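Please treat every number below as a calculation from the coordinates, not as lab data. What you see is a predicted model; the values in this text were computed from it and never measured. Using ideal geometry, Cβ is built from the backbone for each residue, glycine included, and neighbour counts are taken over all protein chains shown.
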Amino acid sequence: MSGYVCNNLMVNIFEGLPPKSIIRFRSLSKYWHSRLRSPEFIHDHRIRCSKNPPKVLIKHVTCWEYTRKIICTSHSADQLPVHPGSGYIGIPAVEFHNQGRLTEVVGSCNGILCLRDKENIILWNFSIRRKLVIPLHPLLKSTLKPFDGAFGFGFDPITDDYKIVGALLTKKTYIYCLKTKSWCEIVSPYSTSSFVNLLGKACFINGILHWVMSTADPRRFILTFNVSSHVFGRILFPEPWRVSELTTINGCLALASLEKGYYRKIRVMEEYDKTESWTVLFEVEIKGQFHVIQPTTNGDVLVAYNVQSKVYNLRTMSFTKLLLKFGPCRYNIEMETYVESLELLDKDNTVTCGETIFSSA
């Protein structure tokens, strides 16, 4: 009995540790090697990690051929590389290798970064440096140019499974379930006459994927997909309907609307699926590409703006800090929020991926 109690106590301790430490402790014995990679432990560790503040994963690029070589660094939202004196010194970066193929980010969920190229979907856990390669459905592969169509990545809490959705301009939609390791076609949400395009990356929140959908109707709307029930739906935008992108802010669905050519309002849906609950959170008077990443605890907002990453001060309504460049990289081109996790550790067909490098400035 004492050994049983001791093991349970140790499990509780391990569940509170970061993934890197847990990986090291797997070498304690055969028992712990098996226990710490079991689906049950990974599930319980995920629940613990979900309560931690999200981190920011910054994707750095060396040139405009950025998708061929990805370098990532991880930061807390309040300890960003904005001070020239410190920069990235001591901060490890991870170089993702994908055989020189053009690669784009589909999304992130529970610490897994979902990437794709013209041949495969790649699930990559930055924290434990493990990746899983999933061949695209033959029709997705044969009909897509490198980045045509729309993809989404999410987690089904009912079946405890990760799912990938691929929607084609040819009106076909496919879904991949990680547990069954298979693609299947599902009923598409649009008709040939009304569908035009799904714009931007999918936003995953509350077990539902969201895309900006453009149709023949002048009004755009949000197309939704429940990853548990496989049912599509829609959410109306607030007027004036000119929405540039979707994101999440403090656990709520949020959107950035372009108005008067440059004036952007950032709105959040305070009550999910309640159109009347869209509320203006703040306003930004800028031109150019603009993407809200993460609010910081002091009320500032981290944004990607014209291939740079900056901190926007809501009190002065101005950019106050510029994220520094990493080593030889020219741009901070993209950012994702994520939580550290052990996801994919229990999958036998994963491989190690990610070479750690350091910057001296």
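For the reader, a short list of remarks on this structure follows.
- Cβ-derived FRET efficiency at R0 35 Å, E95 paired with L139, nearest 0.05: 0.60
- Per-residue ³J(HN,Hα) for segment 175-180, Karplus 6.51 cos²θ - 1.76 cosθ + 1.60, θ = phi - 60°, Hz, x for Gly and Pro: 10, 10, 10, 5, 5, 8
- Each peptide in 274-282, 41-49 was scored by the mean count of other Cβ atoms within 10 Å over its residues; highest first, the order is 41-49, 274-282.
- Inter-label distance, nm, simple model (7 Å from Cα along the C-beta direction), K181/Y31: 3.1
- With both labels modelled 7 Å from their Cα along Cα-to-Cβ, the T159 to E270 distance reads 3.7 nm.
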